[in-house]
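Notes for the one structure printed next.
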Amino acid sequence: MGERETKDAISSAYNAFSHWSKLTAAERSTRLRKWYDLLIEHKEELGQLITLEQGKPLKEAITEVVSAAGHVEFFAEEAKRVYGDILPSPLPDRRLFVLKQPVGVVGAITPWNFPLGMIARKVAPALACGCTVVIKPSELTPLSALAAAELALQSGIPPGVLNVVMGDAPNIGNSILESPQVRKITFTGSTAVGKKLMAGAAETVKKVSPELGGNAPFIIFDDADLEAALKASLATKFRNSGQTCICTNRLLVQEGIYDKFINAFSSAVQSLKVVNGLSEDVAQGPLINEAAVQKVESLVQHAISQGAKVVVGGKRHNLGFTFYEPTIISDVKNEMLIAREEIFGPVTPVIRFKTEEEAIQIANDTESGLAAYLFTNNIQRSWRVCEALEYGIVGVNDGMFASPGAPFGGFKQSGLGRESSKYGLDEYLEIKCVCLGNMG
Ligand code: ADP
């Protein structure tokens with residue numbers, strides 16, 4: 001699809017807006033709730049679809065479906081809580097109100113790493129507020145989007161409210177940007193494309209909420225519970241073969257426990273089972289495509305040329321295709337490219353540090369600010385470090401916190417705005433101040 005189909009989709013979303021936005025919140029909520037039910041009812045098939053088109057282990061894919069459905073359920077409930085305000089009036093014969101209204105047609109551009117999850121976390125709040133949506137899923141994973149849209153139709157969400165266009169990304173993107181009928185762009189993807197979309201949205205002054213790349217530090221202090229840190233570092237690094245924006249990108253280990261931790265981490269990484277995502281007990285599937293493998297290879301080679309050492313893995317897996325070995329690289333310096341770029345693959349660069357101040361300095365020395373993790377049993381340190389980290393999401397002795405109720409988004413060049421949670425609704429709402437005069 002290209003420009004013509006995108007324009008058609010925008011028109012159909014624009015026409016559907018007048019009806020959908022005028023339904024009561026309870027009516028929209030009921031349809032969203034039905035969509036949630038259908039997503040859960042079909043979680044096995046949707047999970048298989050995700051694994052087949054994206055490659056992640058089936059168990060992770062089904063978890064993604066449940067989490068996506070959880071967003072739909074959460075925003076079905078939040079639809080009923082879009083409250084306005086009555087403000088103190090500056091004059092005795094006037095009254096002041098604040099109305100919150102849906103922003104209009106939303107363009108949602110989503111990536112391939114969570115083919116269903118990223119759609120749900122954008123579409124559910126948009127629909128809850130009364131907006132209509134044109135989705136452009138990644139050209140690498142369009143099938144989950146189509147399945148989700150079909151289930152939305154079956155839930156009584158009327159035709160035109162949710163539209164999917166797939167194909168030529170720049171062409172579709174430009175048509176969405178140029179249209180004055182599209183009032184908001186929500187995007188998850190690379191920082192480079194996000195910046196282009198922000199610039200393009202300026203022409204028609206659209207609201208924009210880009211969720212961009214991360215460079216997550218995972219800091220382990222000498223006083224940490226090493227077993228808990230080990231478990232969490234494996235999960236945050238190797239989930240989805242390292243292809244999430246909150247995956248650990250740099251492992252910072254304090255010198256007192258460095259050798260002990262790296263030994264334990266190496267044995268655990270060596271035993272991760274790499275095989276196709278539909279197999280039993282799979283820990284890691286393939287990377288998304290050849291370009292992704294080449295990027296990982298070049299970052300690893302560059303790090304080695306700068307003095308880093310391969311502890312585990314470090315090359316393509318003998319399964320061939322786009323499988324890459326779970327990898328640990330030690331003696332990494334924060335100046336190296338591998339510590340500055342988002343790896344998006346199963347490679348853990350390890351940086352050794354001495355003091356708390358040094359760990360904070362290294363962690364913040366990046367343009368990104370999405371997720372960070374720290375492990376310590378010292379409660380004062382956990383507060384100090386948590387407050388000092390320039391990140392939108394911080395896990396303290398915890399590696400996983402994706403929840404529909406928790407705000408998701410970053411500081412610095414990791415993006416603008418927040419998704420999920422009660423804060424996520426604001427991204428799809430306009431504030432109207434109403435002044436009622438002549439009250440006598
Ligand atoms: P990734 O590297 O994770 O694939 P991208 O930013 O390239 O990240 O892709 C995220 C989404 O942005 C995908 O749906 C992709 O098709 C879309 N995209 C890529 N280039 C453009 C563009 N010029 N205009 C609009 N969308 C784009």
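Values in this text are rule-based calculations from the coordinates and carry no lab data. Because the structure is predicted, anything quoted here is derived from the model rather than measured. All Cβ positions, glycine included, derive from the backbone under ideal geometry; neighbour counts span all protein chains shown.
Relative contact order of the stretch 23-78: what whole-number percent is it, with Cα pairs under 8 angstrom and at least 6 residues apart? Working shown, then result.
Details: 47 pairs, mean separation 26.1, N = 56.
47 percent.
Taking N as the number of residues in the stretch 279-423, what value does Rg over Cα atoms divided by 2.2 N^0.38 Å take? Before the final figure, lay out each step's value.
Working: Rg = 17.0 Å, N = 145, 2.2 N^0.38 = 14.6 Å.
Normalised by 2.2 N^0.38 Å, the Cα Rg of the stretch 279-423 equals 1.17.
Over 30 Å between Cα atoms, which of K195/K309; K100/K136; K80/K184; K184/K295; K80/K196; K196/K315 qualify? It would help to have the intermediate numbers written out before the result.
Numbers: K195/K309 34 Å; K100/K136 27 Å; K80/K184 22 Å; K184/K295 32 Å; K80/K196 35 Å; K196/K315 33 Å.
Among K195/K309; K100/K136; K80/K184; K184/K295; K80/K196; K196/K315, the Cα-Cα distance tops 30 Å for K195/K309; K184/K295; K80/K196; K196/K315.
Determine the alpha carbon to alpha carbon distance for each of K231/K273; K237/K260; K43/K207 and list only those over 25 Å. Show your work: numbers first, answer last.
On the way: K231/K273 16 Å; K237/K260 19 Å; K43/K207 33 Å.
Going by Cα-Cα distance, K43/K207 fall outside the 25 Å limit.
Take S266 and M400, extend 7 Å from each Cα along the Cα→Cβ direction, and tell me the distance between the two endpoints in nm.
Simple spin-label model gives 2.8 nm for this pair.
Rounded to the nearest Å, what's the spacing between the alpha carbon centres of the stretch 379-440 and the stretch 339-372? Just the number, please.
22
Do the sum for the chain: with -39,500 (n - 2.57) for every DSSP H run of n ≥ 4, divided by all residues, what is the mean residue ellipticity at 222 nm, to the nearest 500 deg cm²/dmol?
Numbers: 15 runs with 185 residues, N = 440.
It comes out at -13000 deg cm²/dmol, rounded to the nearest 500.
For the stretch 134-190, what does the alpha-carbon gyration tensor say about shape, rounded, prolate or oblate, given a ≥ b ≥ c as the root eigenvalues, a/c under 1.5 as rounded, and a/b over b/c as prolate?
Values: a/c = 2.27, a/b = 1.33, b/c = 1.70.
Here the stretch 134-190 falls in the oblate category.
Which cross-chain or sequence-distant (5 or more) residues have an amide H under 5 Å from the amide H of A224, H modelled 1.01 Å from N in plane?
So A224 has HN proximity to N377.
What percent does the relative contact order of the chain come to when contacts are Cα pairs within less than 8 Å and at least six residues apart?
Numbers: 985 pairs, mean separation 80.8, N = 440.
About 18 percent, as a whole number.
Mind listing which GluC sites (Glu not before Pro) in the stretch 106-195 are in a DSSP loop and have 14 or fewer other Cβ atoms within 10 Å? Please list the in-between numbers first.
Numbers: sites: E139, E150, E178; in loops: E139.
Of the GluC sites (Glu not before Pro), the ones in loops of the stretch 106-195 whose Cβ has at most 14 other Cβ atoms within 10 Å are E139.
Taking the dipole about the Cα centre of the chain, with the C-beta of Lys and Arg at +1 and of Asp and Glu at -1, give me whichever of C131, F353, F114 is farthest to the positive side.
The residue sitting most towards the positive pole is C131.
Determine the percent antiparallel among the DSSP beta bridges restricted to the chain, to the nearest 5. Numbers along the way, then the final one.
Details: 17 of 55 bridges.
Of those bridges, close to 30 percent are antiparallel.
Return one quarter of the surface area of the convex hull spanned by the alpha-carbon atoms of the chain, equal to its mean projected area, in nm². Each step should come with its number before you reach the end.
Details: hull surface 91.3 nm².
If I average the Cα hull's projected area over directions, I get 22.8 nm².
Report, in debye and to the nearest 20, how large the dipole of the stretch 49-130 comes out about its Cα centre when Lys and Arg carry +1 and Asp and Glu carry -1 on their Cβ. Spell out each step's value before the answer.
Details: 9 positive and 8 negative charges, 40 e Å.
The dipole of the stretch 49-130 has a size of about 200 debye.
Count the net charge of all other residues whose Cβ sits under 14 Å from the Cβ of S144, scoring Lys and Arg as +1 and Asp and Glu as -1. Walk me through the numbers on the way to the answer.
Working: positive: K43, K56, R121, K122, K136; negative: E44, E45, E53, E60, E64, E139, E150.
Taking every Cβ under 14 Å from that of S144, the sum is -2.
With the dipole of the stretch 187-345 worked out from charges on the C-beta (+1 for Lys and Arg, -1 for Asp and Glu) around the Cα centre, which of G189, P217, Q270 lies farthest toward the positive end?
Going by the Cα projections, it comes out as G189.
Give me the percent of Cα-Cα pairs in the stretch 367-416 that sit more than 13 Å apart, rounded to a whole number.
Values: 703 of 1225 pairs.
Percent of Cα pairs beyond 13 Å in the stretch 367-416: 57.
Quick check: from the Cα gyration tensor, does the stretch 232-350 come out rounded (a/c under 1.5), prolate or oblate?
oblate
If amide hydrogens are placed 1.01 Å from N in the peptide plane, which non-local residues have theirs closer than 5 Å to the one on T248?
Close amide H contacts, sequence-distant or interchain: K237.
Mind checking the log10 I(q)/I(0) for the stretch 95-150 at q = 0.14, 0.18, 0.28 Å⁻¹? Debye, one equal scatterer per Cα, no solvent, two decimals.
Rounded to two decimals, the profile gives -0.41, -0.59, -1.11.
Rounded to the nearest 0.05, what FRET efficiency is calculated for Q101 and R384 with R0 set to 45 Å and r the Cβ-Cβ distance?
On the way: r = 42 Å, r/R0 = 0.94.
It comes out at approximately 0.60.
Suppose each label sits 7 Å from its Cα in the direction of the beta carbon; what would the L153-N289 distance come out to in nanometres?
Label at L153, label at N289, 2.7 nm between them.
Projecting each Cα onto the charge dipole of the chain (Lys/Arg +1, Asp/Glu -1 at the beta carbon, about the Cα centre), which of M439, L252, T366 comes out farthest on the positive side?
Looking along the dipole axis, the top candidate is M439.
What three numbers, in Å, describe the spread of the alpha carbons of the stretch 28-96 along their principal axes, ordered from the longest?
So the extents along the principal axes, rounded to whole Å, are 65, 22, 14.
Just need the Rg to Rh number for the stretch 255-317, please, alpha carbons only, Kirkwood Rh.
Values: Rg = 14.2 Å, Rh = 13.7 Å.
Radius of gyration relative to Kirkwood radius: 1.03.
What percent does the relative contact order of the stretch 255-339 come to when contacts are Cα pairs within less than 8 Å and at least six residues apart?
Working: 113 pairs, mean separation 22.1, N = 85.
Computed over the stretch 255-339, the figure is 26 percent.
Mind putting a number on the dipole of the chain about its Cα centre? Charges go on the C-beta only, +1 for Lys and Arg and -1 for Asp and Glu, and I need it in Debye to the nearest 20. Let's see the in-between values first.
Working: 44 positive and 49 negative charges, 193 e Å.
Roughly 920 debye for the chain.
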